[in-house]
Each structure stands twice: as structure tokens, then as C-alpha cells.
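Have a look at the structure below, then the notes.
Read the figures in this text as sums done on the coordinates, not as results from a lab. Since the model is a prediction, treat every value here as computed from it, not as a measurement.
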Amino acid sequence: MNRCAALAVATFVGALTLGAIDARGQGVPAPIDPATLVRRLGSPSYRVREDAMRTLLALGGEARRHIQGALDASDPEVRWRARFVARRASPADTYYAALALAEAGSIAEAAAQVREVLPDLPKGIRPVPDWVHEILVEVDELTPTDGGDLTRCIAWHNLMCLLLEAGIDCPRTIAATRREYLKVVPGNPRACRLLAVVEWEALRPDESKKRWDEGKPGEGEGYWADYDAASYHAARGEIDLALEYLKKAIADNTRGADEADRASDFYMLRGEPRFEALVKEVLGDAKRPDAIELRWKGRRKAGAAPPAVKEPPDAPK
């Protein structure tokens, strides 16, 4: 091969390493993968940081899954830029990014972001947005007590379940829920039953069975005993038993169908035809997951104002 031909081949190969060749035969830079863009949010160069953020914004909803790890970064600028990108994605993407913030520990900010996108979310989105917002506010406002509080336990339990329904890995929330229950389980059968569900989600099956046996309800104990049994078996994937106990709970009180529909306790049953038919049979045309009665409304302080919507702060200098 003569020198001219070799030079032409080298030029062609060099252009390919840039990504492509345009219509004029010039090299076109290859797209930068999103993980690299996220790393560049912490670059010493302002221009590099700004270009990375703009490129992530251009990705729209696709950017959300790549920035999860940066939402709670130790670097304040990386954290701000990642959250800015999350808030500028589609309403649904912002919603799920807010849930990821809750798992990272930013409960109040997650509640504010969910509240901001509530009017723009598509109908029927799961977990139920109004319910999610109310649970986030409840978890944020309930004050820890040394002796424990079953109401606070259940608020954390609901947060755990809605994160699981959203498909968000939530070891931090599971651990926090477990800590709350351990304060109240002695002598509290219902706390034992609910803790059995948490232990199962924490991948501690033996401890889960132990807690269930400690609080296992007897025959005829009523609505909550049957509802808890349905929740326990649903978490374990025991569909037939879960449906059997849920039917008993609904026979005791039709609120069981509404609880099952709007809450996330039965996320494992979502889409199961028998479960959907059972809920629809009771609720009928009233089944409106996008317009629910807020479970905690009666427990909130009278006249309490909703949390203020937080705007993104100015970027750190």
C-alpha cells in the first residue's frame, strides 16, 4: 500500500473512532453515554458541567434512570444539577425521581416535588400520587418517640410499600421501618404481624415467620386481622391465601377494597385478574385511583398548611 492510500485509511479509521462520518466526509463526535455525563456534573470546569447538564436535559425522561445515584451526592453542585435535571423531566419522570429522593432520605423535598407535579400526572399512575404525597408528609411530620408509636410505624410501612410498588430498591426505608416496629412489638400483636411483612422484604424469612407466629390472629378477630393476613401472604407471593383473607376483610368491612386499591400493601397482586375483579366488584364505578380520600386527613393538625413547593436553589458558586 502506498503512502497516500495508507494515509486515507488512517484518516477513515480515525474518523470512525470519533463516531461517524457526515455527508461531507467529516468526523462526527460519538454520543457521550449518560453515565459519563453524570460524572461530568462534578467537573472542575464550569463549561464541562454546564454542557453535561444541558445534554442530560435534552435526553428528557431517559436521563432519570442515569441520575439516581447523583440525587444525594456529597458534592452540593452535583446534587443540585442532578435534581434540576430530574425536575425538568416529564411529570411522571419527576414523580418517580421524587420517590427516589424519599429513599435517599430527603422526605420533605420528595413531598414538595410530588405535590408540584400532581396536576400534570396521567390518570391511573401507580402508586396513587395523592396517597403518596400524604404518606410522605405524614412520615416527615410524625415525631419519633423513644417508646415507639404504631401510627409512625404504619406511616413508614406505607412508604416502604409504595416504593416497592414503584420498583425502587429501598433498603434504607426497609431498615428504618424495621427500627420503628422494633420499638413497639413487645405485647402488640398487630405490630408483630406488620413487622413480619417488613422482615420478609428485608430478606429475613425465618425472622418473618417468627414475627408472624408471635402476632398471628385467631379466628374471628375481625377486619384488621384478616387484612394483615392478606398483606402478609401477598408479600410472600401466596396469592390464593392472600385473596382468601382479603375477601374475609372485605366481608367484615367494604373499606378493605378501597384500602387494597389505593394503598400499596398489595403491590404483588397488582394486575392479578382475581384481585382486580374483587376490588372492582366492591368499588364499581367508584374505583378512581386518581381521586382518593386522603387516609391521614383526619390525623393532620387542624388548619395545617400544605408544604411549600421548593424551587431549585441557585447553583452553588
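The eigenvalues of the Cα gyration tensor, multiplied by 5 and square-rooted, give region 126-297 an equivalent ellipsoid with semi-axes of 23, 20, 15 Å from largest to smallest.
On a per residue basis, the convex hull of the C-alpha atoms belonging to region 233-279 measures out at 59 Å³. Computed from phi, the 3J(HN,Hα) profile of region 259-272 under the Karplus parametrisation 6.51, -1.76, 1.60 (θ = phi - 60°) reads 4, 5, 6, 8, 7, 10, 4, 10, 4, 5, 9, 4, x, 5 Hz, with x in place of Gly and Pro. With one equal scatterer per alpha carbon and no solvent term, the Debye-computed log10 I(q)/I(0) for region 34-89 at 0.16, 0.22, 0.28 1/Å reads -0.35, -0.69, -1.16.
Do the alpha carbons of any pairs in LYS210/LYS248; LYS209/LYS247; LYS183/LYS216; LYS123/LYS216; LYS123/LYS209 sit beyond 29 Å of each other, and which pairs? Distance filter (> 29 Å) returns LYS123/LYS216; LYS123/LYS209. Between the C-alpha center of region 73-130 and that of region 193-240 there is a gap of 31 Å.
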